[in-house]
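Visitor: One structure follows; several queries about it will come next.
Bear in mind that the values in this text are calculations on the coordinates, not laboratory data. Worth saying up front: this structure is predicted, and the values here are computed from it rather than measured.
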């Protein structure tokens, strides 16, 4: 026998079938396009932004995100449920397309039937199993959502409708198959190639041929109708994520990662700064809100949300989306809530995990810019005082600017103004310059440089705060003022390489300052030390110790530097006990996003939560690479009752303790021009 | 309604001060400069009054060298309408009476309904200028004001007195008000206002044109106070220590009386 089937079996291939079918299909596609065009109008409220450059690269991102479900399946649960459902659905889509191609084109036009023989058998089995896979995955997803919902998961009637429609399409598909097989295929060698269809056929056999034919015809039309409804609902429900979430991977920010757009401060015509209304956002910001599937992975990882603060990145995106659709005139900071906006630590945990490639942080900073630049508002008087202190003295601590290099004088490290013949410019940052605890880190770093024969220089009183906390708080004006002063100071000297011991300084100098004219290479101290160690210039006498390591947000997620700090710890003799949340999943210390300047007034303390995670490892030492983290942890161990149990330190301090003080210590190198 | 606000640029108090070469004032090297804290309250109060009395016009006045323009711009960015820069590099050589004389000379016949000043400057701290301006112009003056309300030519203010008591004073304008900590929270300038400030009127008058008062004082010498003995470290049993602390507190302070 020939292994194939008649495509319009039972419903017939007359115009009585084809015409209504084609009309329905055309109407569905028409309504789909019309609906998507209506959505386009919503996105078009936004400002222009180019996100179609480097299109080959973008296309690759898009295909990887879509076909491999790369972002969705991370984490595997429940990501793979969606992944398998998607892959099953893709197979069904391909199968249906093949049927359309044969039944409506190749067969009537060229008499060509390709769904036959072995190919048909494989086709039949694949689609059968794909349908089953979809049904099972949908079932598990349904049980998860309605019977064992994770904390906070919100279900709307729309979710119910979407589940019902998908189930109905899949089940009706099997009923059609079963009814057809019960009449035509039972007992033939072809039947086992559709195992689910075979089972359905056996279940339906009691109806007799008349009943089966009627059932088949009715269900065929019903199935078609469901598909039409599905297509028309895509733009009108969260089914639109089929298009928006996948294409958002195409429109992704290609980096540098997390770099904010520099506002034009010289434009005297500008009447507003930051985002307070939908039409002040870019089209991509609005498109983001449509790409969100409310999966709440961001919310589950947000340190502010986890400690009871009124911020959920998911809610922010939802609220912006609602405003874009129905209330475009709304004042966005009021819609989202000032407390929510101020609570963000810009830790990037939300963006890193988002399967929809949504850019949360820039939106929050955009609204903060509006509050600070247009209203002069801050989360508290202490933040305003820190801003004013920075305006006057170039540091948020309010210390006299002239004493910025005092810590280094005793070490013989000179400002470039006195001696510009150095290997590296050490951009010290405010905390390592003025805060006693962090000065110890700066000293350790200088000792390590010396031991490796590197001659560091500093800017001393010419250095200002890099401006990062101010910028993240929304004070773009102060940030650009500070950046301009720093860049001018750096450019006064033949600086080729800058090393930072603060990842906030690093991120700012290495990415943000590029817009404003900084050219020199910038390296974080952990990378620099790892480099010295690898080249043999830095020699350590390893001594055993056990510790856990905290990935700072700005070295980790913002710059993907995870392994070099760990290599340093191991080289020092350290045994690392990782916290459950490490690397890209690390939990913020609470000080990012300018929060270092602000009091933590609502909820519990983020730093305490992180310290408890560190204490749970049983390691007595908590190593990090960031002065903000160190400050939060040193203060936090007291409040979290962990003093004496957990000792927060910077990696550089541990390394400096293990310097090999032998006769073969590399001599001070004063000749090399900087770069190794 | 015309309002005058008098401000002074002072060094940030966190700086390490050094005595200058002449030994009569602090050296200007390595200092960061800012608006005198009490003058910020004066600027803020003037702006709040303008927000209440829509047609008001605020002039801000500052005496000093070229660099005080930065501080003037901050006042303009906060919301003052126009500025007068009385140019004089060696402003620290003037005594409060002369400063007040300059201001009064400028303000005379200009019809200012209210003149706000800080109650004192953070660096010299004489606390005289505002009151002497009033004296020169024969205006009423209320000092150390911590609450201010204005209605139809009458200002109702509260003054801070010793020991936390307050006095409520009503004064008919024109009048001089000197502002104390607690009066208000000075605003942070918005960026559009910073931009607008760049285009506002900033008139420079050489101090010589307004300085008509001869000095009556002379600063003989500026010096740091001699270092007295440091703290005392008590050692011993806790109970005994507590008794000794109580004894010291009774002898040397009034906190237990």
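Visitor: Remind me, relative contact order of chain B in percent, using alpha carbon pairs under 8 angstrom and six or more residues apart?
Guide: Numbers: 490 pairs, mean separation 59.5, N = 257.
RCO, chain B: 23 percent.
Visitor: What are the principal axis extents of the Cα atoms in segment A:75-127, in Å, biggest first?
Guide: Principal axes ranked by extent give 48, 20, 9 Å for the Cα atoms.
Visitor: What does DSSP give for chain B in terms of the percent of beta bridges that are antiparallel, rounded to the nearest 5?
Guide: 35
Visitor: Hey, could you pull the Cα Rg and Dmax for segment A:540-657, both in Å?
Guide: Computed over the Cα atoms of segment A:540-657, radius of gyration and Dmax are 13.5, 45 Å.
Visitor: Indicate, rounded to the nearest 5 percent, the antiparallel portion of the DSSP beta bridges found entirely in chain A.
Guide: Expressed as a percentage, antiparallel bridges in chain A total about 5.
Visitor: Using a Gaussian network model on chain B with a 10 Å cutoff between Cα atoms, which of B:232, B:218, B:135 fluctuates the most?
Guide: Top of the fluctuation ranking is B:232.
Visitor: Another question, if that's okay. Under the definition of Cα pairs under 8 Å and six or more residues apart, what whole-number percent is the relative contact order of chain A?
Guide: 12
Visitor: Relative to the longest principal axis of the C-alpha atoms of chain A, give the angle of the C-alpha long axis of helix A:241-250, reported between 0 and 90° and rounded to the nearest 10°.
Guide: 40
Visitor: Now for a separate question. Roughly how compact is segment B:185-241, stated as its Cα Rg over 2.2 N^0.38 Å to two decimals?
Guide: Rounded to two decimals, the normalised Rg is 2.64.
Visitor: Tell me, rounded to the nearest percent, the portion of alpha carbon pairs in chain A spaced more than 48 Å apart.
Guide: Value for chain A (Cα pairs over 48 Å): 30 percent.
Visitor: Just need the Rg to Rh number for segment B:161-257, please, alpha carbons only, Kirkwood Rh. Don't skip to the end; give the middle numbers.
Guide: Values: Rg = 26.2 Å, Rh = 22.3 Å.
Computed over Cα atoms, the ratio is 1.18.
Visitor: If N is the number of residues in segment A:278-375, what value comes out of its Cα radius of gyration divided by 2.2 N^0.38 Å? Please report the intermediate quantities before stating the final value.
Guide: On the way: Rg = 12.3 Å, N = 98, 2.2 N^0.38 = 12.6 Å.
Against the compact-globule rule of thumb, the ratio is 0.98.
Visitor: Here's something else I'd like to know. Can you give the calculated 222 nm mean residue ellipticity of the protein assembly as shown, where each DSSP H run of n ≥ 4 adds -39,500 (n - 2.57) and the sum is split over every residue, rounded to the nearest 500 deg cm²/dmol?
Guide: -14000 deg cm²/dmol
Visitor: In Å, what Rg and Dmax follow from the Cα atoms of segment B:2-210?
Guide: Spelled out, the Cα radius of gyration and Dmax of segment B:2-210 are 16.4, 52 Å.
Visitor: A further question on this structure: Quick one: among B:49, B:161, B:211, which has the greatest mean-square fluctuation in a GNM of chain B with alpha-carbon springs under 10 angstrom?
Guide: B:161
Visitor: Oh, and also: In Å, the Kirkwood hydrodynamic radius of segment A:413-533 over pairs of distinct alpha carbons?
Guide: 14.3
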